1. Of all the residues that make up region 11-46, how many are more than 18 Å from GLU100 (Cβ to Cβ) and part of a loop (DSSP other than H, G, I, E, B)?
2. For region 72-100, enumerate the residues that are touching a Cys at 6+ places or on another chain (Cβ under 9 Å) and in a helix (DSSP H, G or I).
3. Checking ASP256 against (1) surrounded by fewer than 20 Cβ atoms within 10 Å (Cβ to Cβ); (2) in contact (Cβ under 8 Å) with a residue 12 or more places away in the chain, only one condition comes out false. Which one?
4. Can you confirm whether region 69-86 contains a residue that is touching a helix residue (DSSP H, G or I) at 6+ places or on another chain (Cβ under 7 Å) and among the small types (Gly, Ala, Ser)?
5. Answer with yes or no whether SER220 is in contact with a Ser or Thr (Cβ under 8 Å, 6 or more places away or on another chain) and not β-branched (Val, Ile, Thr).
6. Just checking, does region 60-69 include any residue being outside any loop (DSSP other than H, G, I, E, B), open to solvent by 10 Å² or more (accessible area, probe 1.4 Å) and basic (Lys, Arg)?
7. Those residues that are open to solvent by less than 30 Å² (accessible area, probe 1.4 Å) and modelled with pLDDT under 95, I need them from region 174-199; list them, please.
8. Being open to solvent by 30 Å² or more (accessible area, probe 1.4 Å), part of a helix (DSSP H, G or I) and within 19 Å of ASP113 (Cα to Cα) narrows it down to one residue among ARG202, ARG171; which is it?
Amino acid sequence: MSRAGDMAAWRRLYPFASRELLIDGLRCHYVDEGRGRPLLLVHGNPTWSFYWRSLLNGLSDAYRLVAPDQIGCGLSEKPPRSRYPYTLRRRINDLCRLIEQLDLNSITLVAHDWGGAVGMGAAVEMPERFERFVLMNTAAFPAQRCPWRIRVCRTPLLGPLAVQGLNLFARAALVMATARRAGLPPDVRDGLLAPYDSWRHRAAIYHFVRDIPLSPRHESYAALARIASRLRQFENRPFCFFWGMRDWCFTPWFLDQWLARFPRAVVHRFDDAGHYVLEDASERVVPALRAFLQSEQPGNAAIEPKPAASP
């Protein structure tokens, strides 16, 4: 996809300055808006930083919002698997490197989908940098619950053909991940799909699906189990959950698993929202998130410098 682009309708929904840094020689694109204590926004699959636009617009008056595109996703570099393993462990390492390069501290993690495993993975590696946690339809612990619609995308030959060739995973999500009867608006649909315009550019979508560890034999199972075993260290930190209750993938069962670990968490359940909870209910999520952040505000935030936008 052209980085310059034209003034397509989706671009008007995403007016944020592009920034870049290198992680092990790979270009990582991110958005960095506002000033104050940082909110680190970690997307999942098949979304990218475009998914966070309502928070970037709604909270940057009081907070610094950092929204990276994971390698292979969004406007970041899209290397072949021969150059990048596309595993949970590597994605956690990448996020840790970004945190270090931007010197983020007192972080509020905001994560969705497999961004939860990646974000919580970074938190267990550097807990001293994390302060609060806001999670949306996600998991960071092993589970064998995986819908057949996702399992079929993991099968040899058929999976790559469907996901990378026909872009069926990302296109199906435009309908299946929302509870809107009329579907998502055309400009939103275009924005979610925009970076994934070729077989090569859709490699991360397929490998994210392939990397779901459903048994101990999977190469990423140990990394996910490690995260789960270390979640308890955050039991006295503020947690907030925003959950689309009509999600057929990260169902309410996953929310119950989180609440068994963090029973004092603030919980917002949206009975009329699906997996893309921010697409279905952003007008309610943004003020509720602001209220949570204000209620848990540790004090006056020091303004952190941030690097100049890339040309």
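The values are calculated or read from the model by the stated rules, or taken from the named source; none is laboratory data. In this text, all values refer to a predicted model and were calculated from it rather than measured experimentally. Counting neighbours? That spans all protein chains shown, and the Cβs are built from the backbone with ideal geometry, glycine included. Just the protein is used for accessible areas: all its heavy atoms, side chains included, with ligands, DNA and RNA removed. Shrake-Rupley method; radii C 1.70, N 1.55, O 1.52, S 1.80 Å.
1. Restricting attention to region 11-46, the residues satisfying the condition of being more than 18 Å from GLU100 (Cβ to Cβ) are 11-18, 31, 33-36, 43-46.
Filter once more, so that each one left must be part of a loop (DSSP other than H, G, I, E, B): 13-18, 34-36, 43-46.
Total meeting the criteria: 13.
2. Across region 72-100, the qualifying residues are ASP94, ARG97, LEU98.
3. For ASP256, the exception is condition (2).
4. Yes: region 69-86 contains one or more residues that are touching a helix residue (DSSP H, G or I) at 6+ places or on another chain (Cβ under 7 Å) and among the small types (Gly, Ala, Ser).
5. Numbers: in contact with a Ser or Thr (Cβ under 8 Å, 6 or more places away or on another chain): yes; not β-branched (Val, Ile, Thr): yes.
Considered against the rule, which asks whether it is in contact with a Ser or Thr (Cβ under 8 Å, 6 or more places away or on another chain) and not β-branched (Val, Ile, Thr), SER220 comes out as yes.
6. No: zero hits.
7. The answer is GLY183, and nothing else.
8. Numbers: ARG202 fails: open to solvent by 30 Å² or more (accessible area, probe 1.4 Å).
After ruling out the rest, the residue left standing is ARG171.
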